[in-house]
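Student: Submitted below is the structure of interest, expressed as structure tokens.
Read-outs throughout are calculated quantities, based only on the coordinates presented, and are distinct from any laboratory measurement. Keep in mind the model is a prediction, meaning the values are calculated, not measured. Neighbour counts are summed over all protein chains in view; Cβ atoms, including those assigned to glycine, are modelled from backbone coordinates with ideal geometry.
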Amino acid sequence: MAEAAADTLNEIFGRTGSGPLSGVVVADFSRVLAGPYCTMLLADMGATVIKVESPAGDDARTWKPPVRDEESTFFLSVNRNKHSITLDFNEPSDLALAQQLAARADIVVENFKPHGLERYGLDYAAIADLNPTVIYASITGFGTGAGAALPGYDLLVQAASGMMSLTGGQETEPYRAGLAMFDVITGLHASTGILGALHHRTTTGEGQHVELNLLSSALSGMVNQSAAYVTGGVIPTRMGNEHPSLYPYEPMLTGDGRLVIAAANNGQFARLCAVLEVPELAQDQRFCSAEQRNAHRSELRILLEVQLAARSAEEWFPLLSGAGLPCAPIQDVKGGVDLADRLGLDPVVLPGENERQIPTVRHPVSFSRTPATYDLAPPMLGSSSDLVRGWLAQQLAAAR
């Protein structure tokens, strides 16, 4: 899209700046988490994202508590910088608008059940006939083949992928992660795939269908643990907070509380031993390599925790950090946000204006030339319906 057209689009939809995706239109037919997280990242980078919701709204609007002014913080976390339009696909006029939006968009993102949009003429094949250069991203739980009928919930994928078998202690039951991690990873994978497809389009003029599923994203996102089986023939098991390949690399007891300590190589282990005033352990044949430290981790833990008992976790943190050893206190989420703030990472941004200014977490990427922008608070249901309908009418008139 020409720069002038991008400026016009930004003016119409209230966007500022010149993000790397400024002028790109995204028709967002997704809901809950994986798709909305992907489209929020695109919106932060300047894309105009039009969120299509049923008259009942995105399910995540009802996922409470916690809330901010009676709105679900779950929904608010992944929907800033977007415009909401409500459309009922069972109403012919609304369906026609949805099709027109998809035909005009540069990118379409959807996470309906496999083949669920075919009856509405909103599937990839139908939209590509109208819009041959469209980048159309589909997100499912278990793919569109034999797993098409399986519900695509993150918890199910955490269980089925094997991830829950890795979470918890050796004597505990399997646990889910404290967040919908595979929804998030799939959203990240989706944004990566979309950007790759956009680059391909700039060189060839070709659109394409980008397909993702939570299970494939889970197996990719489990990296060394899935590789343990696929590459090494080893089925990993729960180890609590321990790492299968590194030691020490876990929370360790101090005189007061636990401190996470990571000694990922011989140099770091030697620095740890020096600060703990047991430098001879770095030369001990039982501990002189990562492989040996793993083999003798029970013995090593006792020796280290005897030394760590001399001070509290709060006292050890600056001493070990000052020696260049990776370590961290175990904090709650407030502590994590506060730490990022103290480190100058500015973790909280305030998109929106006046009474609708809602704090959210900053986009994770910093761009030196085309920074992310935070113009719009997460939308109220259908709040941009008139704006989007008017813009589509103008687009249709201009095309005649």
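Student: For Lys334, give me every one of the lysines with a C-alpha distance below 24 angstrom, ignoring sequence neighbours fewer than eight places off in its own chain.
Tutor: Partners within reach: Lys64.
Student: Which ordering of Met163, Met252, Met239 is given by a fewest-first count of other beta-carbon atoms within 10 Å?
Tutor: Starting with the residue having the fewest Cβ neighbours, the order is Met239, Met252, Met163.
Student: What is the dipole size for the chain, taken about its Cα centre, with +1 at each Lys and Arg Cβ and -1 at each Asp and Glu Cβ, in debye to the nearest 20?
Tutor: For the chain, the charge dipole is close to 400 debye.
Student: Suppose we flag GluC sites (Glu not before Pro) only when DSSP calls them loop and at most 16 other Cβ atoms lie within 10 Å. Which is the longest uninterrupted stretch of the chain?
Tutor: 71-170
Student: Dividing the Cα convex hull volume of segment 49-138 by residue count, how many Å³ per residue is that?
Tutor: On the way: hull volume 9.3 nm³, N = 90.
That works out to 104 Å³ per residue.
Student: Sort Ser30, Ser368, Ser384 so that the residue with the fewest other Cβ atoms within 10 Å of its own Cβ comes first and the one with the most comes last.
Tutor: Values: Ser30 26, Ser368 5, Ser384 21.
Neighbour counts put them in this order, fewest first: Ser368, Ser384, Ser30.
Student: Moving to a separate point now. So what's the angle, to the nearest 10 degrees on a 0 to 90 scale, between helix 3-13 and the longest Cα principal axis of the chain?
Tutor: Between the helix axis and the principal axis of the chain, the angle is about 90 degrees.
Student: For every other residue with a beta carbon closer than 13 angstrom to the beta carbon of Gly255, add +1 if it is Lys or Arg and -1 if Asp or Glu, then tell me the sum.
Tutor: -2
Student: OK, next. Convert 4 °C to kelvin, take the viscosity as 1.567 mPa s, use the Kirkwood radius over C-alpha pairs of the chain as Rh, and evaluate the Stokes-Einstein diffusion coefficient in µm²/s, rounded to a whole number.
Tutor: For the chosen part, D equals 54 µm²/s.
Student: Among Ser161, Leu41, Phe75, which residue has its Cα positioned farthest towards the positive end of the charge dipole of the chain, with +1 placed on the Cβ of Lys and Arg, -1 on the Cβ of Asp and Glu, and the dipole taken about the Cα centre?
Tutor: Ser161
Student: May I pose another question? Quickly estimate the mean residue ellipticity at 222 nm for the chain, helices only: each DSSP H run with n ≥ 4 gives -39500 (n - 2.57), and the total goes over all residues, rounded to 500.
Tutor: Counting only the DSSP helices, I get -11500 deg cm²/dmol.
Student: Just to confirm the filter: which trypsin sites (Lys or Arg not before Pro) across segment 333-364 are DSSP coil and have at most 15 other Cβ within 10 angstrom of their Cβ?
Tutor: Passing sites in segment 333-364 are Arg362.
Student: What does the convex hull of the alpha-carbon atoms of segment 245-354 project to on average, in nm²?
Tutor: On the way: hull surface 33.5 nm².
Over every viewing direction, the Cα hull of segment 245-354 projects on average to 8.4 nm².
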